[in-house]
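Only one structure is covered here, and it is reproduced in the block below.
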Amino acid sequence: MNHRVPLRPAQVLLAIVMCFVAQFSMASGNEIRVVLISDLNDAYGSTSYSPQVATALSFIASLSPHLVLCAGDMVAGQSNKIPDSKFPLMWNSFKTEILTRVNSSGAPFAFAFGNHDGAGQRFIHERNAAIEFWRQNRPELKYIDASGFPEYYSFELAELFFAIFDASSAQLKKDQTDWLQKQLSGSIARQSRIRVVMGHLPLYAVAEGRNKAGDVISNADDFFQLLEKHGVNYYISGHHHAFFPSRKGNVRLISAGCLGGGPRRLVGSTQRPFKALTLLSLFPEDNEFKMQTYDMTSQPEEIVIKDLPTSITGFNGISYRYP
């Protein structure tokens, strides 16, 4: 027996209108588009970038994003064999080959420092060069707090809140975690539709060759509790050179793939490693990003996220794929 109730003419009209509105919303670009890249560097001291970086920049321009996020490692530092005179050259190359092209697309470039951008006292001269460069090339963002720029800062984009902090080494600085909690407790963060925190190192290991202490945030569970407590929706990281989206509690964890040298296999996986770029789109009717990731090894090819492992068991925890 058919128990469907016939729709009244007014209901039919409303359904048609709603369908048209939804299609128009997507077609007219009402979504917020954020492109995520990471680990752009090549060999130590290099002032050039791999061909996939150039391909990615052309692809980014075609996506017309509102923001480009980079989870660190913009230049090829972290070596005492590199003379100090080389660092301005590396950063100038980054500006010419990457930053200028991103800016010409109309999207601001927000970044976190990675270990190859100067990490710890051992490489303080590298960090000083990085700080000097970014003070002269400060991105045009709607800052909430830029008192610690370029090492840590917060900004907003439409209804999105972003906090960027220095996770270029495993030990987080207490003054920065205190700052992060203050930012997340503020009215702008609390009223935002989406709250995003980005740092270079991930909480939990996902990649071969990075499945060890020093390549993840120390006391990851404690840091996760901080994120969870303050309603953070996304934590974005790089460093592992392997794309993997996961979820713990209410926090979605995105390990960004690399565009530079050395893509890595996921822990325990036999799948081919690949260079990657991720597009995060937030549509008006949604409360989370639609995530599309592209294999950039040759030409952009969207991957099927559900083909990735359902979980990864690292030395410091299990990451369950999401979605």
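The values are calculated or read from the model by the stated rules, or taken from the named source; none is laboratory data. Keep in mind it's a predicted model, so treat the numbers as computed, not measured. FYI the Cβ positions are ideal-geometry reconstructions off the backbone, even for glycines, and counts take in every protein chain you see.
E140 passes every criterion in (1) under 26 Å from S105 (Cβ atoms); (2) free of Cβ contacts under 8 Å to residues at least 60 places away in the same chain; (3) touching a Phe, Trp or Tyr at 6+ places or on another chain (Cβ under 9 Å) apart from (3).
Run down S311, S298 and say which single residue is modelled with pLDDT under 95 and on the phi < 0 side of the Ramachandran plot. Of the residues listed, the single one that is modelled with pLDDT under 95 and on the phi < 0 side of the Ramachandran plot is S298. When the range 293-312 is filtered for residues that are outside any loop (DSSP other than H, G, I, E, B), in contact with a strand residue (DSSP E or B) (Cβ under 6 Å, 6 or more places away or on another chain) and under 30 Å from N219 (Cα atoms), the ones remaining, listed by number, are T293, S311, I312.
If only one of F274, F315, F289, F283 is among the aromatic types (F, W, Y), within 29 Å of S218 (Cα to Cα) and either surrounded by fewer than 17 Cβ atoms within 10 Å (Cβ to Cβ) or more than 18 Å from the chain's Cα centre (by Cα) (or both), which one is it? Lay out the reasoning, then the answer.
Numbers: F274 fails: either surrounded by fewer than 17 Cβ atoms within 10 Å (Cβ to Cβ) or more than 18 Å from the chain's Cα centre (by Cα) (or both); F289 fails: either surrounded by fewer than 17 Cβ atoms within 10 Å (Cβ to Cβ) or more than 18 Å from the chain's Cα centre (by Cα) (or both); F283 fails: within 29 Å of S218 (Cα to Cα).
Only one candidate qualifies: F315.
Taking every residue in the range 220-248 that is touching a residue at least 12 places away in the same chain (Cβ under 8 Å) and pairing it with any residue that is surrounded by fewer than 19 Cβ atoms within 10 Å (Cβ to Cβ) and in a helix (DSSP H, G or I), at least 6 positions away or on another chain, the pairs with Cβ-Cβ distances below 7 Å are L226/T177; L226/Q181; H230/Q181; H230/S185; P245/I305. Take residues that are among the basic types (K, R) and tell me which of the strands (runs of 3 or more DSSP E) falling wholly in the range 89-158 contain 1 or more. Those strands (runs of 3 or more DSSP E) span 142-148. Within the range 216-229, if we keep just the residues that are crowded, with 19+ Cβ neighbours inside 10 Å and touching a helix residue (DSSP H, G or I) at 6+ places or on another chain (Cβ under 9 Å), the residue that is farthest from K173 (Cα to Cα) turns out to be L227. For the range 293-312, filtering for residues that are surrounded by fewer than 15 Cβ atoms within 10 Å (Cβ to Cβ), polar (S, T, N, Q) and under 24 Å from S50 (Cβ atoms) leaves 2.
How about the range 180-222: which of its residues are acidic (D, E) and assigned to a loop (DSSP other than H, G, I, E, B)?
Start the filter on the range 180-222 by keeping residues that are acidic (D, E), which leaves 208, 215, 221-222.
If the condition is that a residue be acidic (D, E) and assigned to a loop (DSSP other than H, G, I, E, B), then E208, D215 are the ones that fit.
Checking the stated criteria, G257 turns out to be in a loop (DSSP other than H, G, I, E, B), touching a strand residue (DSSP E or B) at 6+ places or on another chain (Cβ under 6 Å) and within 25 Å of P51 (Cα to Cα). Note on the range 161-179: residues that are among the aliphatic types (A, V, I, L, M), part of a loop (DSSP other than H, G, I, E, B) and crowded, with 20+ Cβ neighbours inside 10 Å amount to 2.
Taking G106 as the residue in question, decide whether it is small (G, A, S), touching a residue at least 40 places away in the same chain (Cβ under 8 Å) and within 26 Å of G261 (Cβ to Cβ). When the stated conditions are applied, G106 does not pass them. The set of residues in the range 230-252 that are aliphatic (A, V, I, L, M) and surrounded by fewer than 24 Cβ atoms within 10 Å (Cβ to Cβ) comprises V232, V251. If you go through the range 138-160 and keep only what is surrounded by fewer than 18 Cβ atoms within 10 Å (Cβ to Cβ) and out of contact with any helix residue (DSSP H, G or I) (no Cβ under 8 Å at 6 or more places or on another chain), you end up with R138, E140, K142, Y143, A146, S147, A158, E159.
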